[in-house]
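Here the structure is laid out as structure tokens; the discussion comes afterwards.
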Ligand SMILES: C[S@@+](CC[C@H](N)C(=O)[O-])C[C@H]1O[C@@H](n2cnc3c(N)ncnc32)[C@H](O)[C@@H]1O
């Protein structure tokens, strides 16, 4: 993979575990990602409603494969620049595993909280609403850090969940992140022109935030429908067509296709 050829964005329909191996050493400025949460085992499925359609309480199929943070330490540290930052959304059950794997290899390990002002209701009123998500943050000394005013730098951000026009309809992604949250993180942890990687990009929300802020983006997802939605969104943000990588005009990764059978795409 020729990172220097990414002028705006490049996305691949691929298994991140394989594709990340194509990224050169110390070439990525920020990893901002949202991998699976291992929550599927806790779900009791959709809730039956007598007066309306079932209430969606189930998790996506992609969350049924076990995600192990320790499996990603070697590749994340290999591809990140020494000044790079890692941000990863996670859930309560995996926070310890992230800490155990990443705290020993980074100088600093912290976390942020994203508070959702309109989380899904708890219909049975048993337990708290799931109104918070955690974001693991890790870096080494000398990392890029655009510190704002003290009161802007709480490890807490509050926004509604992704809604309205921002939310992709076909396909719907059950955990699409609001661009506002991602932009907040990228403003703090990267500079214009930096390369942002999201190896679990879903419908490309990190890519939209990156392009909005004049960062460059590299994204993977193993689901072809999500990759197609990401392609549409990135094209809209840039106002330019997103060309297949095997198009002669682009000459990046010529001839390469991925497991999903969908060509990778590039915005030049
Ligand atoms: C939590 S979602 C990310 C959602 C994303 N932040 C968004 O706003 O659309 C995790 C994504 O990881 C993808 N995924 C899971 N395992 C993967 C793997 N091994 N390689 C690539 N993508 C994977 C899933 O298809 C899913 O879209």
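The values are calculated or read from the model by the stated rules, or taken from the named source; none is laboratory data. Keep in mind that this is a model prediction, so the values were computed, not measured. Note that we place each Cβ from the backbone using ideal geometry, even for glycine, and neighbour counts take in every protein chain shown.
The set of residues in region 58-116 being free of Cβ contacts under 8 Å to residues at least 24 places away in the same chain and over 26 Å from residue 26 (Cα atoms) consists of 58, 61, 96.
Listed here are the residues, each with its yes/no results for (1) more than 14 Å from the ligand (Cβ to nearest atom); (2) in contact with a strand residue (DSSP E or B) (Cβ under 7 Å, 6 or more places away or on another chain); (3) at pLDDT 95 or above.
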residue: 4; (1), (2), (3): yes, no, no
residue: 8; (1), (2), (3): yes, yes, no
residue: 13; (1), (2), (3): no, yes, no
residue: 26; (1), (2), (3): yes, yes, yes
residue: 30; (1), (2), (3): yes, yes, yes
residue: 41; (1), (2), (3): yes, no, no
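Tallying residues that are under 13 Å from residue 32 (Cα atoms) and surrounded by fewer than 19 Cβ atoms within 10 Å (Cβ to Cβ) within region 83-110 yields 0. Taken together, the residues in region 176-207 that are away from the ligand (no atom under 13 Å from the Cβ) and free of Cβ contacts under 8 Å to residues at least 60 places away in the same chain amount to 5. Being assigned to a loop (DSSP other than H, G, I, E, B), surrounded by fewer than 13 Cβ atoms within 10 Å (Cβ to Cβ), within 16 Å of the ligand (Cβ to nearest atom) and in contact (Cβ under 8 Å) with a residue 24 or more places away in the chain is a condition met by at least one residue of region 156-163. Beta carbons closer than 8 Å, at least 6 apart along the sequence or on distinct chains, pair a first residue in region 138-155 that is in contact (Cβ under 8 Å) with a residue 12 or more places away in the chain with a second that is in a loop (DSSP other than H, G, I, E, B) and loosely packed, with under 10 Cβ neighbours inside 10 Å for 153/147. Scanning region 208-238 for residues that are under 13 Å from residue 194 (Cβ atoms) and either in a helix (DSSP H, G or I) or away from the ligand (no atom under 13 Å from the Cβ) (or both) yields 209, 210, 211, 213, 214, 215, 216.
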